[in-house]
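S.K.: Okay, handing you the structure first.
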Amino acid sequence: MLLFSRKPAMPTAQTALPGRFEEIQTAEVHDVLKSPLKGPYPDGAETVYFAMGCFWGVERKFWELGEGIFTTAVGYQGGFTPNATYEEVCTGHTGHTEVVMVVFEPSQISFETLLKVFWESHDPTQGNRQGNDVGTQYRSAIYTTTDAQLAAAKASKVAYEKALLAGGYSAITTEVANAPTFYFAEGYHQQYLSKVPQGYCGLRGTGVTCPTGLEDVPVSKSA
């Protein structure tokens, strides 16, 4: 198929699109949770960012967790182009991946729970693609905002990779790193599958259970 005829490649800071100074306009309130997308957030809340393919279905996965999820939003992260548009990201010339911001309350839902949903809801071994969605904007990533999150994410990656290898899959390609700048996506992308319930969702897991929750996996401390 023509879709797979070229290998997606990351741009460099020199070759990436220039972007713009002005922020892209987005929604203010979550369409489902009715919480503010840009804050203020509750005391003790933490933020983490997950990339696992087309962000429409990914965002729904996390807002549907319910209690403990204060808000979610989709956006772009991990690249070079400031305030990129969706169309620019889709060219592959921004370096960004499609991500979901999750603001959660650790006293009500554990970071381990979020990691389990992340690993089991997509195939983290595919590199710059998820299924038929091909491009650097579909690569897998966890971008953390605390030392405890980073340690837990790295430990869960090691544990899940062992399970995947035992199940016949290849090594995990997911990037785990401190969160770079997050750029909110356009308003029409926010909670898209709430507004368009029959819209596209390409999420497919591997069927391999994530062994997070083990005692040796560190977790974020509750407030």
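The values are calculated or read from the model by the stated rules, or taken from the named source; none is laboratory data. Computed from a prediction, not measured in an experiment: that's the story for all the values here. Neighbour counts run over all protein chains shown; Cβ positions are idealised from the backbone, glycine included. Areas reflect the complete protein model, heavy atoms only, side chains present, ligands, DNA and RNA absent. Shrake-Rupley method; radii C 1.70, N 1.55, O 1.52, S 1.80 Å.
S.K.: For the ranges 168-179, 116-127, what's the packing order if you count other beta-carbon atoms within 10 Å of each residue, average per peptide, and put the highest first? Numbers along the way, then the final one.
M.R.: On the way: 168-179: 15.4, 116-127: 21.9.
With the highest mean Cβ count within 10 Å placed first, the list reads 116-127, 168-179.
S.K.: Rounded if a/c is under 1.5, else prolate if a/b is larger than b/c, else oblate: which is the range 69-129, with a ≥ b ≥ c the root eigenvalues of its Cα gyration tensor? Walk me through the numbers on the way to the answer.
M.R.: Details: a/c = 3.37, a/b = 1.62, b/c = 2.08.
It comes out oblate by the Cα gyration axes.
S.K.: Report the antiparallel proportion of the DSSP beta bridges in the chain as a percent, rounded to a multiple of 5. Please list the in-between numbers first.
M.R.: Values: 21 of 25 bridges.
Expressed as a percentage, antiparallel bridges in the chain total about 85.
S.K.: Moving on. So, counting K/R as plus one and D/E as minus one, what does the shell of residues with Cβ under 10 Å around Gly205 add up to?
M.R.: Numbers: positive: Arg204; negative: Glu120, Asp123.
Local net charge: -1.
S.K.: Assigning unit charges at the beta carbon (Lys, Arg +1; Asp, Glu -1) and nothing else, what dipole magnitude in debye, to the nearest 20, does the range 73-137 show about its Cα centre? Could the numbers behind the result be given before it?
M.R.: Values: 2 positive and 8 negative charges, 19 e Å.
In total the dipole reaches around 100 debye.
S.K.: Would you mind checking Lys34/Lys154; Lys38/Lys162; Lys38/Lys195 for any pair whose Cα atoms are more than 27 angstrom apart?
M.R.: Values: Lys34/Lys154 32 Å; Lys38/Lys162 37 Å; Lys38/Lys195 20 Å.
As for pairs spanning more than 27 Å Cα to Cα, those are Lys34/Lys154; Lys38/Lys162.
S.K.: Now a separate question. Only helices at least 15 Å long along their own axis, judged from Cα atoms, and with Kyte-Doolittle mean hydropathy of 0.0 or greater: name those in the chain from DSSP H.
M.R.: Sorted by number, the helices that extend far enough and score high enough are 147-166.
S.K.: Also, quick follow-up: Using helices alone, I'd like the mean residue ellipticity at 222 nm for the chain: each DSSP H run of four-plus residues gives -39500 (n - 2.57), total over residue count, nearest 500. All intermediate terms of the calculation are to be shown ahead of the outcome.
M.R.: Numbers: 5 runs with 48 residues, N = 223.
Taken over the chain, the calculation gives -6000 deg cm²/dmol.
S.K.: Would you please state which residues of the range 189-213 a label at Leu65 would reach in this model, taking the label point 7 Å out along Cα→Cβ and a backbone N cut-off of under 20 Å?
M.R.: 190-194, 202-213
S.K.: Another one. So what's the net charge close to Val102: Lys and Arg +1, Asp and Glu -1, counting the other residues with Cβ under 10 Å from its Cβ?
M.R.: Details: positive: Lys61; negative: Glu46, Glu59.
Local charge sum for Val102: -1.
S.K.: Thr81: net charge of surrounding residues, Cβ under 14 Å, Lys/Arg +1, Asp/Glu -1, itself excluded?
M.R.: Summing Lys/Arg as +1 and Asp/Glu as -1 gives -4.
S.K.: Let me check something: with ligands and nucleic acids excluded, how do Arg20, Arg204, Arg139 order by accessible area (1.4 Å probe), largest to smallest? The partial results should precede the final answer.
M.R.: On the way: Arg20 75, Arg204 155, Arg139 25 Å².
The most accessible residue leads, giving Arg204, Arg20, Arg139.
S.K.: Separate question: Which whole-number percentage describes the relative contact order of the chain, with Cα contacts under 8 Å and a sequence gap of 6 or more? Mind dumping the intermediate values first?
M.R.: Numbers: 485 pairs, mean separation 66.1, N = 223.
Averaging sequence separation for qualifying contacts and normalising by length gives 30 percent for the chain.
S.K.: Mind checking the dipole of the chain: about its Cα centre, +1 per Lys or Arg Cβ, -1 per Asp or Glu Cβ, Debye to the nearest 20? Let's see the in-between values first.
M.R.: On the way: 16 positive and 23 negative charges, 122 e Å.
Magnitude of the dipole: close to 580 debye.
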